[in-house]
Amino acid sequence: MRQERVDEHLKEKLKDPYFRELHELEAQKLEIVKRIIDYRIKQKLTQGKLAKLIGVTQQHISKIENGEFSSIFTLERVLLAIGLTVRIKVIPLHSSSAAHQLH
């Protein structure tokens, strides 16, 4: 019963283009994190070893694996090291609700 209410609430929120884009960004972020962690585990690397290979601190790897991307540059270095890349695309939302959120 409770899950149904959560699902219904999410369905309602996803009607808002701004929220839908934020939701999609979170899903993409989770996919990036999953791929990095999967690679590291498959290669039997600790966060520290991966960090050393890339030239960043273990704390950077930890933050990235927790979904905290403070720098696209650092994220890109990690992704390139494991054979991946990220693409950023700026697109209009065609909605006044997005602009409204910024005011």
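Every number in this text was worked out from the coordinates using simple rules, so none of it is lab data. No experiment lies behind these values; they were computed from the predicted model shown. Positions of Cβ are generated from backbone atoms using ideal geometry, with glycine treated the same way; all protein chains shown enter the neighbour counts.
Which of the pairs K34/K63; K52/K89; K29/K89 have their Cα atoms more than 20 Å apart in this structure? Intermediate results must be reported in sequence, preceding the final value.
On the way: K34/K63 13 Å; K52/K89 30 Å; K29/K89 14 Å.
Pairs exceeding the cut-off: K52/K89.
What are the ³J(HN,Hα) couplings of the range 35-43, residue after residue, when phi is run through the Karplus curve with 6.51, -1.76, 1.60 and θ = phi - 60°? Round to Hz, x for glycine and proline.
3J(HN,Hα) across the range 35-43, in whole Hz: 5, 5, 5, 4, 4, 4, 5, 4, 8.
Between E8 and K42, with labels modelled 7 Å along Cα→Cβ, what's the label distance in nm to one decimal, could you check?
Going by the 7 Å Cα→Cβ label model, 4.1 nm.
Work out the length of the dipole vector of the range 2-102 about its Cα centre, built from +1 on the beta-carbon of each Lys and Arg and -1 on the beta-carbon of each Asp and Glu, and round it to the nearest 20 debye.
Values: 18 positive and 13 negative charges, 108 e Å.
Dipole magnitude for the range 2-102 comes out near 520 debye.
For the chain, what's the radius of gyration and Dmax over Cα atoms, in angstrom?
So, for the chain, Rg and Dmax equal 17.2, 49 Å respectively.
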